[in-house]
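Worksheet: the structure to be examined is printed underneath.
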Amino acid sequence: MPELKREPDNSNNGMKNNWTVLGIMSGTSLDGVDLACCRFSEDHGKWEYSIQEAVTIPYKADWAERLRNVENASAFEYVRTDIGFGHYLGQLAGNFIAEHSLRPDLIASHGHTVFHRPEQQITSQIGQGAAIAAETGFPVACDFRTTDVALNGQGAPLVPIGDRLLFSAFDYCLNLGGFANISYEMNGNRIAFDVCPVNIVMNYFSAKAGLPYDKGGALAQSGIICPELLTGLNSLPYYSLAPPKSLGKEWVLKNVLPFMTSFDISEADQLSTFCSHISDQVSGVIENDYGKRMLVTGGGAWNSFLISEIQKKTKTEICIPDEMTVNFKEALIFAFLGVLRLTNRLNCLASVTGADKDSIGGAVYLH
C-alpha cells in the first residue's frame, strides 16, 4: 500500500516514477459512471499518461432517479444516499478491477455533485470514499473540491492542473460535458472557468423529444434559431463576470430552463438556439487568431453540428483527439489529481479558482 508523503519524494534523483490509478467520474448530465484505469509516469518534471482500460457504465433507472432528486431529500436520506452511492461506485470499481486483473495504486473518485454554491462556501459531492475503499480493498482519494472552497475559491474547475501538465501542446483545452469549461495559460498563470451549460440543457430537451441525447446534433440541425431566445440567453449576467467563476445545476434550474421553456417553440428549435448560444459563448472567450489550437473533449465533442457551429465563429483550430481521450479525459485527470494528492503535491490552482492560495485537495481513505 503506498504511503502518503509530507513532501514529494525526490530521492530517485529524477528517475522516472510510475503510478497506476483508477479514475471514477460521474457528471451532472447523468450519462453514467466513467471508469478509467490510467498509467502515469514522470521524468524530470515531465508527465506522460496512457489510458489502459476504460468504460462508461450507464446508470440504472433507480440510481439515475435517486441522484436526480437527492438535492430535495431529507438530511437522513442525503447521508444514506452518500453512503449507498459510495458502495455502488465501489462495486462497479471492484468488478472493473477484477475483470481486467488490475492492481491500482489508488482509486480517485470525483463523486457526484449535488450542491455547488461556492459563494456560500458550499460544495458537496456524494459517493463516500470509505465505502469505495471498503468495497475494493484499495486506497481511495476523493472530495477534491472542499479544501479550495474553504480557502474562498470556486472549487472548480479542477481539470486545469491536468491540462497544464498533460496537455500543454494545446493553446486551449475545452471540455463539453454537462457544462463547457475551458483552460489556457495567460501571463504564466493557468486561467480556467465554466463557460456555459451544454449537455445538462441539451439532454433535457432531447428527452422531451423522446431521445436520450441528440446524436450528432441532428435534431438541433433540423431546428430554427429563435433570435429573441438567443439574445436572452447571451445576456445572462453570468457571462459578463470575469473569471474565476463556475456554474452548477442550481444555476441552470433557476436561470436557464425556466426562461427557455417560456418560449412556445419545438425541441428542435430549442436545441438549435442553444447550440448557437454555446458557440457564441465558446468563441467569445478564445483568441480569434490563426495558429492557435484547441483540444476539445467530452460528450459534446461528438455533436458534429455543435462543433461546426463553434468552428464557424473562430479561426482557432479545433482538435478532437482519439476516442478514449475524448470520452475519458475527466476521469483521466481525476486519476491524475489522485497521483498529485498521493505524493502531496499541489493539485488545485488559485489562479483558476480564486482561492486564497494553491492547495492540495482530496481526502484519502487507506484500507
Task: Filter result for residue 308 (closer than 29 Å to residue 331 by Cβ and surrounded by fewer than 17 Cβ atoms within 10 Å (Cβ to Cβ)) - done: yes
Open item on the list: Anything in the range 124-167 that is touching a helix residue (DSSP H, G or I) at 6+ places or on another chain (Cβ under 8 Å), in contact (Cβ under 8 Å) with a residue 60 or more places away in the chain and among the charged types (D, E, K, R)? List them, or say none.
Closed with: 143, 148, 163
Task: Number of the exception - residue 318 against (1) in contact with a helix residue (DSSP H, G or I) (Cβ under 9 Å, 6 or more places away or on another chain); (2) in contact (Cβ under 8 Å) with a residue 40 or more places away in the chain - done: (2)
Open item on the list: When you check residue 191 against the structure, is it out of contact with any Leu (no Cβ under 9 Å at 6 or more places or on another chain), under 20 Å from residue 276 (Cβ atoms) and not basic (Lys, Arg), yes or no?
Closed with: no
Task: Flag if residue 336 is aromatic (Phe, Trp, Tyr), assigned by TED's automatic domain parsing to the domain that holds residue 189 and assigned to a helix (DSSP H, G or I) - done: no
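Yes/no matrix, rows are residues, columns are (1) hydroxyl-bearing (Ser, Thr, Tyr); (2) within 20 Å of the chain's Cα centre (by Cα); (3) assigned to a helix (DSSP H, G or I):
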position: 19; (1), (2), (3): no, no, no
position: 38; (1), (2), (3): no, yes, no
position: 41; (1), (2), (3): yes, no, no
position: 49; (1), (2), (3): yes, yes, no
position: 79; (1), (2), (3): no, no, yes
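The values are calculated or read from the model by the stated rules, or taken from the named source; none is laboratory data. On a predicted model such as this, the values are computed, not experimentally measured, just so you know. Cβ sites come from the backbone with ideal geometry, for glycine too, and all protein chains shown count toward neighbours.
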